[in-house]
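Report on the following structure.
The values are calculated or read from the model by the stated rules, or taken from the named source; none is laboratory data. These figures come from a predicted structure and were not determined experimentally. Every residue, glycine among them, receives a Cβ derived from its backbone with ideal geometry; neighbour counts consider all protein chains shown.
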Amino acid sequence: MKNSQKRTYCDISLIHQDEFHDFCRNGNTSSFIRNRKMPLKDFLFTMINRRGITLSLELRNYMKTAHPGMEISKPGYLKQRMKLNPLAFYELYRHHNRNFYAEPGFSTFHGYLVLAADGSGINIPTTKETLEEFGTSSRKGTKPQASIGLGCLYDVMNWMILESDCRKCKFDEMRLAEEQIDRVPETIDISRPFLVVMDRGYPSTPAFV
């Protein structure tokens, strides 16, 4: 994409800011303070750059590149991950989106952004906690499988996810889409007209207005 390298540097700059570090600590001022083998910025980079292999291999490959000769244990990494504010990634991608739409050159259709709303279900590890928090997608009388409901608002011409939310596995897709549509001007930090494309799973007369 145009100026993608510039936006990447801008994202990295945010990760290095003290204010963002405070946000990542999730109110715990003692988290990510000590000079550890993997400071906060490296911790975030490992999560953003996951390649789908085992966590042990992910950590080994990252440390070989970023800190040759140094190793970090999987249990230590997971313990640190529990301290991270998960909304840090939400802030990162909203920051990235604002930078993208702050510059001219993004694609539109007759001056309109073309957005697509869609939802899906994703299986997650089944535990007592996940079943209570998100529910199950399994049929009654069968073994429960914990699942989450995922709803996204996607800019189809610029390949950008503007909004994404996790809900219980059985959720109102139309209501979530309405919430996401209301947030679009704040997310991209501009007031620009847009069209929203939905499939037949989004029945709503007001959506045509």
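Can you pull out every residue in the range 70-99 that is outside any helix (DSSP H, G or I) and surrounded by fewer than 14 Cβ atoms within 10 Å (Cβ to Cβ)?
If the condition is that a residue be outside any helix (DSSP H, G or I) and surrounded by fewer than 14 Cβ atoms within 10 Å (Cβ to Cβ), then Met70, Glu71, Ser73, Met82, Pro86 are the ones that fit.
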Restricting attention to the range 65-107, the residues that are among the aromatic types (Phe, Trp, Tyr), in contact (Cβ under 8 Å) with a residue 40 or more places away in the chain and farther than 20 Å from Leu14 by Cβ number exactly 1
Only one residue in Gly119, Gly135, Gly111, Gly151 is surrounded by 13 or more Cβ atoms within 10 Å (Cβ to Cβ), in the same structural domain as Ser191 (by TED's automatic domain parsing) and touching a residue at least 60 places away in the same chain (Cβ under 8 Å). Which one? Gly119
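Among the residues of the range 120-135, are any of a type in the set (S, T, N, Q) and in contact with a helix residue (DSSP H, G or I) (Cβ under 9 Å, 6 or more places away or on another chain)?
The answer is no; no qualifying residue exists.
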